[in-house]
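The values are calculated or read from the model by the stated rules, or taken from the named source; none is laboratory data. These numbers were taken from a predicted model, which means no experiment stands behind them. Backbone-built Cβ (ideal geometry, glycine too); neighbour counts: all protein chains shown.
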Amino acid sequence: MDALAKSAYLTKEEHLPKPRLLAHPAAKTGLMGWLTTVDHKKIGFLYGFFALIFFLVGGVEALLIRAQLMVPNNDLLTAQQYNTLFTMHGTTMIFLAVMPLSAAFFNFVMPLQIGARDVAFPRLNAFSLWTFLAGAIILNIGWFLPQATHGAPDGGWFGYAPLTSKQFIPKHSIDYWVMGLQLLGVASIAASLNFIVTIINLRAPGMSMMRLPVFVWMTLVTSFLIVLAFPFITIALVEVMMDRNFGTFFFEVSGGGMPVLWQHLFWVFGHPEVYILILPAMGIISEILPTFSRKPLFGYPIVVFSGACIGFLGFAVWSHHMFTTGMGTVATAAFALATMAIAVPTGVKIFNWIGTLWGGHIVMRTPMMFALGFVWMFMIGGFSGIMHSAAPADAQQQDSYFVVAHFHYVLIGGSLFGLLAGIHYWFPLMFGRTVSEFWGKLSFWVVFVGFNVTFFPMHFLGLNGMPRRTFTYDQNLGWNTPNLIATIGSFILGVGIAIYFVVMVYTYFKGRLAGRDVWDGRTLEWSIPNPPPEYNFRVIPTIHARDAWWYEKHHGEEVEKEKAEHAKAEATHGGIHMPFQSIWPLVTSVGILIGAVAVSALDSNPAPGIHLRLGLALTGGVVMFLGIYFWALEGNEGYHLHLDENGHPINDDDAKH
Amino acid sequence: MFTFFPTLFRRGRVAIALAGLALLTGCDFNFWRMDGHQSTIVVDGPVARAQLEVFYVTCWVTLFIFIIVGAVLAYASLKFRARSDADEHAEPPPQGHGNPLVELGLIGGSVLALVIIAVPTLKAIWFTYDIPAEEKANAYEITAVGYQWWFRFEYPGEQATIDATTKMPLVTGNELVIPAGRPVRINLRTFDVIHSLWIPKLAGKVDMIPNRANFLWLKADKPGYYWGQCAEYCGDSHAVMRFRVVALGPREFNAWLDQQLQPARTLVPRPADTSRPRPQFAALRSFRQNESGVTEKFDVDPLESWRAKQAPEKDENAELVAQGRSLFTTKACITCHTVRGHAGAGVTGPDLTHVGSRSTIGAGLLENNREQLQRWLHDPGAVKPGNKMAKGYVDSKITLTAEDEVALVAYLESLK
């Protein structure tokens, strides 16, 4: 598609006078600037900011869990507190830390990599962010309410029926879990649709699908996984909500419900979710390894294809989480073989990453250290995954600490290392400052050592029969030493993470200013100044090769000529088109938050205060509909920017419609 | 958060002190042998062995791949590393995009490695699922039912005596006694939430799911004493939902069955008993939350320790036992528990007809001795948070004096 086609669309705009309520907010800075922003970079930053806060919360929860298990028969936490903590640790890390952190990169980096000026639906993007925050608030609201009747969720992140029914957990903790996950689902699906449309429609001219950076490909695959997988858990959560509040019998045994149905629905979502967590990290690694090896990704088509392949197969292996539910021989065998099959495309990626290093000039910077750490740790996690695919062996490992070790190798050694690598890698682009190599590498080694000291002994614990989700254990089972080592390791890991983020915060304020393209990058995001201007590209680039910026750097003159022509053409169409800011996505999300809190705290039988809460729920609904109404009414217009030679906007006011 | 954390800060100091203690007293650095009571590596039955063999296949194959791929990765990272500033700013290396032949070869190799794993996996899936046909005739059947947070074991083939005219299948709790050397088929049932029956040394776990007729099979090679635990999160006290398995040779198993099929043992007070001094009721010492209820002495020879529990205690006080028996009714224990031949037909809690002959109480949590029995009776909610007995005390306004507790302990202990 042609860069000029987009500006042609603008000629349809009508210029009617607006009522005052619909005046477009224009604050670029300050609180209102953040609350009304539709800029994908600011939204990406906010996603990352909130994700990191919840990452710290989840980390503290993990340290409390490890402190309780440090010695046998410990009494630091009560059973109830421990169960709440492991439930919230899992839920927080998956839905409130790793997923939004991935979304932060999707938002910030993906449009830059495809040469776009924003995502396809900027206001929907803001809505996704604020709805994610609403879901996160509801999930955590129970901490601040009376523990006996409310409390934070405590049914496990997997929420197996019928434990989540009112009969076994009458508190509202499960209602918050159900409602929180529902909102996160809404946010994730809206964001994913946005990313899919953006990648399909807003690629710069010449950016064919097979020239997309691998990170963009993984964004696309992950987004499809989210759109296809979340409906399953949405349905399942609605059913739990109905069972709890309206007397249905989806999972209630007394009425003929099938608890095992929950497991199927949950894991049809839950297994693709695992790939939703790891594929973005794989995409980041596939950007970093070529950059620091100074050569293209080895076997690009196969890496892309295997990513898509993992996405497809990810929907066909869910029952390997259920090998112990007595599925029978044939179903068990089928899911065991499908699970083994998924190891092939995963292994292919590792081979290609090694192939990328081979014959390169490897520059050992901190992002590269995290990326190599990722490859090593992900290999270990992958191999213990193959062990689980052998169903008879899994009968011993399932729900033991062996599984805990496995998925932390995949989720910390994999996803988290990938995301930490990504933060380091794109930090100079996002904030225009570079992180100290010494402190970066130090944090890497402390994290790396702490991580392995924590989770490697858990393999031994699991094989020695220690089950998961247990708040205490006796001293005579041979579990004391590995547990003590794991706890010590977890605090080392905590120190490493602390160093990492203290360094990041320091660099944000005081770091050395970075030049343009600090890593000698290969993809388009490095072609623009840092921090990126709000319009991203002064001229929409034309893509001639897979590593577009690398090509540009080595074919300087012809590209310059081409750009000048495009700039002239775009200027004649009115300049750079930017979307207006809007408050309505935020209003809509606030309405949803109010309504959802009221609904999940609502007792189905009339109790004192019911009118207040009913009224609150209705208020939330009204606010939400008002938000949507004004959102629709204000229209999808924008304004034009004209730039001077230094890239600064000129005649800003005149350019506005 | 403010309602959540106060207890935490109070307990923090204890944890730190304990950690220091653990470090000082030295640790067992042989943990890599993985030969504990719930080991999946040192196993005692054909099912667990089949599962272990598959594990070893996966382990060796993946270790082999890891060493090769890891070596190549390490070599590539070191060999192609830029060693100086000049290296870093040298002309970029050739911009190669890959090699299809290498890719196809590696894919082929991975598939081959997976086939090596897949074949024994498939064989073991069928073997571990059900008792082999030639052994079916010799199989023994037991039904295990999970409750929050204990296990009921039912022997459908054994008719236990209730009174002269009535019999019903034998029911025990939390201690599964099986014949050694015979395949045992365990039907898995639950009427509340999902549980999972796991005896690592004998067989991998299979879940107990409401509305689903699951089962597992296992065989103990020889007589022995095994540790088991619920393996699916089932609420507050999941961590302390445990049980024990005792495998006995044919003669001993039959002797045990004969004893269990009898109604509860009744102690006849001897004339001499009346002259004995009344026992002293020392207050129960206070227990830390989650304090261990097991001892090293028990572990020296657990099967012998179990056997020792089968014979009546030497210092039984018949008068006290009789007092305990009447309290068992008046304090409403009978609402939830059964002592076949004495009183009660409750099925909410474990059958206590022969509770004195079990080696543990509280679902494999505490050793069955006077102190631990009294600890349990004194405050069941402190031992097992959220359990029905603690709630029953509150709902029925049951209070036990120290004297009541000691009498009940004596009664329960007499139920051999």
Exercise for the section: Select from the stretch B:187-235 the residues that are polar (S, T, N, Q) and at the interface with chain A (Cβ under 7 Å from one of its Cβ atoms) and write down the one among them that is nearest to B:Ile361 (Cα to Cα). Expected result: B:Gln229
Handout entry: Given (1) surrounded by fewer than 18 Cβ atoms within 10 Å (Cβ to Cβ); (2) in contact with a Leu (Cβ under 7 Å, 6 or more places away or on another chain); (3) at pLDDT 95 or above, index of the condition A:Leu626 fails
Key = (2)
Handout entry: Test result for A:Ser319, hydroxyl-bearing (Ser, Thr, Tyr), more than 12 Å from chain B (Cβ to nearest Cβ), closer than 30 Å to B:Asp192 by Cβ and surrounded by fewer than 24 Cβ atoms within 10 Å (Cβ to Cβ)
Key = yes
Handout entry: Set A:Phe50, A:Phe86, A:Phe45: member being part of a helix (DSSP H, G or I) and touching a Pro at 6+ places or on another chain (Cβ under 9 Å)
Key = A:Phe50
Practice task
Kindly indicate whether A:Phe251 is within 23 Å of A:Leu602 (Cβ to Cβ) and surrounded by 21 or more Cβ atoms within 10 Å (Cβ to Cβ).
Solution key: yes
Exercise for the section: Kindly indicate which of A:Val317, A:Val238, A:Val253, A:Val268 is on the phi < 0 side of the Ramachandran plot, in contact (Cβ under 8 Å) with a residue 60 or more places away in the chain and not charged (D, E, K, R). Expected result: A:Val253
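Matching residues to (1) over 18 Å from B:Ile68 (Cβ atoms); (2) among the small types (Gly, Ala, Ser); (3) facing another protein chain (nearest Cβ under 8 Å):
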position	(1), (2), (3)
A:Gly347	no, yes, yes
A:His361	yes, no, yes
A:Phe370	yes, no, no
A:Phe383	no, no, yes
Practice task
Select, from B:Ser39, B:Ser77, the only residue that is closer than 23 Å to A:Tyr300 by Cα, within 7 Å of another protein chain (Cβ to nearest Cβ) and of a type in the set (Gly, Ala, Ser).
Solution key: B:Ser77
Problem - Given (1) out of contact with any strand residue (DSSP E or B) (no Cβ under 8 Å at 6 or more places or on another chain); (2) in a helix (DSSP H, G or I); (3) under 28 Å from A:Pro122 (Cα atoms), number of the condition A:Tyr508 does not satisfy - result: (1)
Fill in the blank from the handout: For A:Phe378, the lone unmet condition from (1) more than 7 Å from chain B (Cβ to nearest Cβ); (2) more than 30 Å from B:Val119 (Cα to Cα); (3) modelled with pLDDT of 95 or more is (2)
Exercise for the section: Have a look at B:Ala382, B:Ala345 and point out the one that is assigned to a helix (DSSP H, G or I) and surrounded by fewer than 21 Cβ atoms within 10 Å (Cβ to Cβ). Expected result: B:Ala382
Handout entry: Residue in the stretch A:57-84 that is surrounded by the fewest Cβ atoms within 10 Å (Cβ to Cβ), counting only those that are under 20 Å from A:Gly151 (Cα atoms) and out of contact with any helix residue (DSSP H, G or I) (no Cβ under 8 Å at 6 or more places or on another chain)
Key = A:Val60
Practice task
Run A:Gly156 past the list (1) more than 23 Å from the chain's Cα centre (by Cα); (2) in contact (Cβ under 8 Å) with a residue 12 or more places away in the chain; (3) on the phi > 0 side of the Ramachandran plot and report the number of the one that doesn't hold.
Solution key: (1)
Exercise for the section: Would you check if B:Ala118 is facing another protein chain (nearest Cβ under 7 Å), farther than 25 Å from A:Arg546 by Cα and in contact (Cβ under 8 Å) with a residue 12 or more places away in the chain? Expected result: no
Practice task
Look through A:Ala336, A:Ala331, A:Ala281 and report the one residue that is within 13 Å of another protein chain (Cβ to nearest Cβ), in contact with a Ser or Thr (Cβ under 9 Å, 6 or more places away or on another chain) and buried (at least 21 other Cβ atoms within 10 Å of the Cβ).
Solution key: A:Ala336
Exercise for the section: Could you tell me which of the residues A:Gly355, A:Gly359 is farther than 30 Å from A:Ile65 by Cβ and surrounded by 22 or more Cβ atoms within 10 Å (Cβ to Cβ)? Expected result: A:Gly355
Exercise for the section: Identify all residues within the stretch A:287-314 that are more than 13 Å from chain B (Cβ to nearest Cβ) and at pLDDT 95 or above; write none if there are none. Expected result: A:Glu287, A:Ile288
Exercise for the section: Output yes when any residue across the stretch A:226-235 is within 18 Å of A:Ile278 (Cβ to Cβ), in contact with a Phe, Trp or Tyr (Cβ under 8 Å, 6 or more places away or on another chain), aromatic (Phe, Trp, Tyr) and more than 14 Å from chain B (Cβ to nearest Cβ), and no when none is. Expected result: yes
Problem - Matching residues, the stretch A:429-465, being within 7 Å of chain B (Cβ to nearest Cβ), touching a helix residue (DSSP H, G or I) at 6+ places or on another chain (Cβ under 8 Å) and in a loop (DSSP other than H, G, I, E, B) - result: A:Asn464
Practice task
Quick one: in the stretch B:80-101, of everything that is facing another protein chain (nearest Cβ under 7 Å) and assigned to a helix (DSSP H, G or I), which residue is surrounded by the most Cβ atoms within 10 Å (Cβ to Cβ)?
Solution key: B:Glu88
Handout entry: Residue under evaluation A:Ile137, criteria (1) touching a residue at least 24 places away in the same chain (Cβ under 8 Å); (2) within 17 Å of B:Gly386 (Cα to Cα), criterion not met
Key = (2)
Completion exercise
Of the residues in the stretch A:215-235, those that are in contact (Cβ under 8 Å) with a residue 60 or more places away in the chain and more than 17 Å from the chain's Cα centre (by Cα) number 0
Handout entry: In the stretch B:105-115, the residues that are more than 7 Å from chain A (Cβ to nearest Cβ) and closer than 12 Å to A:Val344 by Cβ
Key = B:Gly108, B:Gly109, B:Leu112, B:Ala113, B:Val115
Exercise for the section: Please verify whether the stretch B:118-140 includes one or more residues that are of a type outside the set (Phe, Trp, Tyr), touching a helix residue (DSSP H, G or I) at 6+ places or on another chain (Cβ under 6 Å), farther than 30 Å from A:Ala334 by Cα and buried (at least 20 other Cβ atoms within 10 Å of the Cβ). Expected result: no
Practice task
Output the residues belonging to the stretch B:121-143 that are facing chain A (nearest Cβ under 7 Å) and of a type in the set (Ser, Thr, Tyr).
Solution key: B:Thr121, B:Thr128, B:Tyr129
Problem - Flag if B:Lys222 is assigned to a strand (DSSP E or B), basic (Lys, Arg), outside the structural domain of B:Gly362 (by TED's automatic domain parsing) and over 20 Å from B:Pro156 (Cα atoms) - result: no
Exercise for the section: Please work out if A:Thr487 is closer than 30 Å to B:Lys384 by Cβ, away from every other protein chain (no Cβ under 14 Å) and either within 26 Å of the chain's Cα centre (by Cα) or in contact (Cβ under 8 Å) with a residue 40 or more places away in the chain (or both). Expected result: no
Practice task
Exactly one condition in (1) out of contact with any Lys or Arg (no Cβ under 6 Å at 6 or more places or on another chain); (2) more than 23 Å from B:Glu291 (Cα to Cα) is not met by B:Thr353; state its number.
Solution key: (1)
